[in-house]
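To keep things clear, I will list the structure first and then write my remarks on it.
The values are calculated or read from the model by the stated rules, or taken from the named source; none is laboratory data. All of these numbers come straight from a predicted model, not from anything done at the bench. Here Cβ is always computed from backbone atoms with ideal geometry, including for glycine, and neighbour counts include all displayed protein chains. Quick note on the areas: whole protein, heavy atoms, side chains included, nothing else; ligands and nucleic acids left out. Shrake-Rupley method; radii C 1.70, N 1.55, O 1.52, S 1.80 Å.
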Amino acid sequence: METVILAVVIAVVVLAALGGLVVGSRRKKSLPPPPPTAPDITAPPTEPHVGDEAETPRDEPRRTIEEVDLPGGGAPTAVEEPPVVEAPGIEIPEPTAGRLVRLRARLSRSQNALGKGLLTLLSREHLDEDTWEEIEDTLLTADVGVQPTQELVERLRERVKVLGTRTPEELRGLLREELLKLVGTEFDRTVKTEPADRKPGIVMVVGVNGTGKTTTTGKLARVLVADGRTVVLGAADTFRAAAADQLQTWGERVGAHTVRGPEAGDPASVAFDAVKEGKEMGIDVVLIDTAGRLHTKTGLMDELGKVKRVVEKHAPLDEVLLVLDATTGQNGLVQARVFAEVVDITGIVLTKLDGTAKGGIVVAVQRELGVPVKLIGLGEGADDLAPFEPEAFVDALIGE
């Protein structure tokens with residue numbers, strides 16, 4: 001009996017153990033696996049910002065600004081102020097006395113083709129008709145003009161015939177005398193700027209655009225200032241872009257005041273104001289630069305006549321100077337005729353006379369208008385405008 005009870009107990013214990021194992025295995029299968037634990041990650045050091053130290057601050061002794069040595073050990077250098085740019089000073093023009101004589105070499109380099117050509121032809125042993133025709137052609141090519149050429153050749157024929165044998169010195173003297181007669185020594189070539197009964201003298205400058213009219217007006221101001229005169233410039237060429245600026249620049253260089261008006265304004269009004277200011281300021285001379293557009297437009301010529309009439313409400317004009325380009329030849333004579341019909345030309349200014357061997361235009365234009373060449377332009381320099389001196393001019397033509 002006891003054996004049976006022991007066996008039953010053992011069986012119950014075995015069954016209980018087996019049951020626990022089955023239940024434990026089922027629980028293990030039904031439960032989800034536990035989540036994995038995250039590894040410990042060390043964050044990278046952050047980049048330093050403006051004002052941060054590049055590494056962990058350490059307790060170190062620090063120096064004050066007084067203890068730090070500056071480079072070079074010297075005091076800081078003061079920064080220099082930029083220099084003040086001063087306005088350009090007033091130029092002192094070259095004296096006009098004998099200016100053409102000083103410029104004779106420049107004139108002769110380009111003009112003496114006429115004189116040398118004539119001397120070469122006259123030096124031939126036999127002066128036949130072909131030679132005299134060549135002499136005529138040489139004079140005509142130099143723009144002397146038909147009538148003056150015929151007169152000169154006729155006189156040369158007579159004098160050479162009387163002279164007989166001809167040395168180079170005799171020929172040069174003969175040619176110089178005849179050319180001086182042709183150019184004319186009897187003219188009064190003074191630029192009238194000093195009226196006896198009043199101030200200022202009034203000079204109007206006329207001419208076609210491109211002849212150097214505005215530049216000539218500026219250079220004439222230099223000539224007058226060099227002679228001790230005070231000048232006001234009237235920029236009455238209001239229709240050409242920058243003409244007034246150009247004239248004002250010329251005036252500022254020698255201390256001359258420029259009167260100007262609005263672009264495309266009334267030229268007569270500007271001319272009137274220039275003379276008015278000249279009188280008020282006690283100026284010696286007023287130079288008026290006029291419009292110089294195409295001379296073939298009748299309306300423009302009428303406008304030029306208006307400028308003259310308005311100016312003469314103050315006082316009569318002392319000079320009306322016509323500016324001609326010496327290289328234009330017969331076209332320059334056409335211009336001279338047209339301007340002479342509108343205003344009373346009293347003198348001629350020949351510009352660009354050093355450009356080609358066209359010195360004969362001096363003779364032709366004087367014959368055409370009956371007025372003298374008073375000034376000549378010999379280059380682009382500021383002081384290359386010279387009073388015309390017949391003797392110096394002829395000497396330059398025939399050379400030394």
*Compute the signed sum of charges (Lys and Arg +1, Asp and Glu -1) over the other residues within less than 15 Å, Cβ to Cβ, of G261.*
-4
_Label-reachable residues, the range 141-156, where backbone N falls under 15 Å from a point 7 Å from Q330's Cα toward its Cβ_ = 141-149
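Using only the Cα atoms, what convex hull volume per residue in Å³ does the range 281-400 have?
It is 131 Å³ per residue.
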*Surrounding net charge for G212, when Lys and Arg each add one and Asp and Glu each subtract one, Cβ distance under 11 Å*: 0
_Solvent-accessible area, 1.4 Å probe, carbon plus sulfur percent, for the range 314-400_ = 48
*Can you tell me how much longer the chain between L180 and E312 gets when fully stretched, taken as 0.36 nm per residue apart minus their C-alpha distance, in nm with one decimal?*
43.9 nm
_For a quick check of understanding: with a 1.4 angstrom probe and all protein chains in place, what accessible area in square angstrom does T214 have, to the nearest ten?_
10
*Interchain or long-range residues, amide H under 5 Å from R229's placed H*: none
*Got a sec? Charge dipole of the range 251-353, +1 on Cβ for Lys and Arg, -1 for Asp and Glu; which of L350, L321, A268 is way out at the positive end?*
L350
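Quick one: accessible area per residue over the range 184-277, 1.4 Å probe, rounded to a whole number of Å²? Numbers along the way, then the final one.
Numbers: 3690 Å² over 94 residues.
Here the per-residue accessible area is 39 Å².
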*asked:* With every protein chain left in place and a probe of 1.4 Å, what is the accessible surface of K116, to the nearest 10 Å²?
replied: 120
